[in-house]
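S.K.: Input: one structure, supplied below.
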Amino acid sequence: MDALDTSQLDPQFLKQIVTYRSPYPPGTIVVDPHSRFLYFIQKGGQAIRYGIGVGREGLAFAGTGLVQDKKEWPRWTPTSAMIAREPNRYAKWARGMEGGLGNPLGARALYLFRAGQDTRYRIHGTPEPDSVGKAVSSGCIRMMNQDVIDLYSRVPLGTKVVVLSAKTSTADATKLW
């Protein structure tokens, strides 16, 4: 995979260490769809902040879940709802698409479960890095491939994921470096 040229991206969406006061313990992933950031909580009131792309209005997951599966270069299959919404775009992939550079799940995927059930909600890479910072996906959280590879390497199975609502947004976190 070629290195991503980040010169054309909004710098606020590049990976950064930030001050982040949170009730969640280190090792928790906090997704703030409203501000378009994902935080991986660290010790000492800090977090690694990554820019994300989020689901269009009405397609997003909220609440808590656990990372119960992780895959490198995952296979992607559109949901039946995606196929019904946009059959011309998604029906040809009803049986799935092998992992690779053009796959919508990108280089890595973290699979969220709640009460032992697959939520069909993913934190994943994207072959479209310019979608980071926007509400364009079918509900999942997308990250630049380089960032999802970094997060994937830090996150063990069983990691708690908290997806905030607009009223619990954390847009006031400040950059340290």
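S.K.: Treating the beta-carbon of each Lys and Arg as +1 and of each Asp and Glu as -1, no other charges, what is the dipole magnitude of the chain about its Cα centre, to the nearest 20 debye?
M.R.: Result for the chain is approximately 460 debye, rounded to the nearest 20.
S.K.: From the Cα gyration tensor of the stretch 10-88, with a ≥ b ≥ c the square roots of its eigenvalues, which class applies: rounded if a/c is under 1.5, or else prolate if a/b is larger than b/c, or else oblate?
M.R.: prolate
S.K.: Which shape class applies to the stretch 93-143: rounded if a/c is under 1.5, otherwise prolate when a/b exceeds b/c and oblate if not, where a ≥ b ≥ c are the square roots of the Cα gyration tensor eigenvalues?
M.R.: Cα axes put the stretch 93-143 in the oblate bin.
S.K.: Leaving out ligands, DNA and RNA, and with a 1.4 Å probe, what % of the accessible surface on the chain is carbon or sulfur?
M.R.: 51 percent
S.K.: Given axes a ≥ b ≥ c from the Cα gyration tensor, I'd like to know whether the stretch 46-134 is rounded (a/c under 1.5), prolate (a/b larger than b/c) or oblate.
M.R.: Rounded shape, in that the Cα axes give a/c under 1.5.
S.K.: Using 20 Å as the Cα-Cα cut-off, could you pick out the over-long pairs in K15/K43; K92/K134; K43/K160; K71/K160; K70/K160?
M.R.: Result: K92/K134 exceed 20 Å.
S.K.: Assuming R0 = 30 Å, what is the FRET efficiency of A115 and T19, from their Cβ-Cβ distance, to the nearest 0.05?
M.R.: 0.35
S.K.: Ignoring everything except DSSP H segments at least 4 long, calculate the 222 nm mean residue ellipticity for the chain; use -39,500 (n - 2.57) per segment, divide by total residues, nearest 500. Intermediate values should be presented prior to the final figure.
M.R.: Numbers: 3 runs with 20 residues, N = 177.
Taking each H run of at least 4 residues, the total per residue is -2500 deg cm²/dmol.
S.K.: For the chain, what is the convex hull volume of the alpha-carbon atoms per residue, in Å³?
M.R.: That works out to 118 Å³ per residue.
S.K.: Quick check: pseudo-label points 7 Å beyond the Cα along Cα→Cβ at S153 and A62, how many nm apart are they?
M.R.: The modelled label-to-label distance comes out at 3.5 nm.
S.K.: Using a Gaussian network model on the chain with a 10 Å cutoff between Cα atoms, which of L112, L157, L38 fluctuates the most?
M.R.: Result: L157 has the largest fluctuation of those listed.
S.K.: Accessible area per residue for the chain in Å², computed with a 1.4 Å probe and the full protein assembly in place, what is it?
M.R.: 52 Å²
S.K.: Within the set of other residues whose C-beta is less than 13 Å from the C-beta of E128, count the net charge using Lys and Arg as +1 and Asp and Glu as -1.
M.R.: That sum, taken over residues with Cβ under 13 Å, equals +1.
S.K.: Can you give me the angle between helix 145-154 and the longest principal axis of the chain, using Cα atoms only, in degrees from 0 to 90, rounded to the nearest 10?
M.R.: That helix lies at roughly 60 degrees to the long axis.
S.K.: With springs connecting C-alpha atoms under 10 Å apart, model the chain as a Gaussian network and identify which of A135, A81, A91 has the largest mean-square fluctuation.
M.R.: A81
The values are calculated or read from the model by the stated rules, or taken from the named source; none is laboratory data. If you're wondering where the values come from, they're calculated on a predicted model, not measured in any experiment. Ideal geometry is used to build each Cβ from the backbone, glycine not excepted, and the neighbour counts take in all protein chains shown. Note: accessible area is taken over every heavy atom of the protein model, side chains too, but ligands, DNA and RNA are not part of it. Shrake-Rupley method; radii C 1.70, N 1.55, O 1.52, S 1.80 Å.
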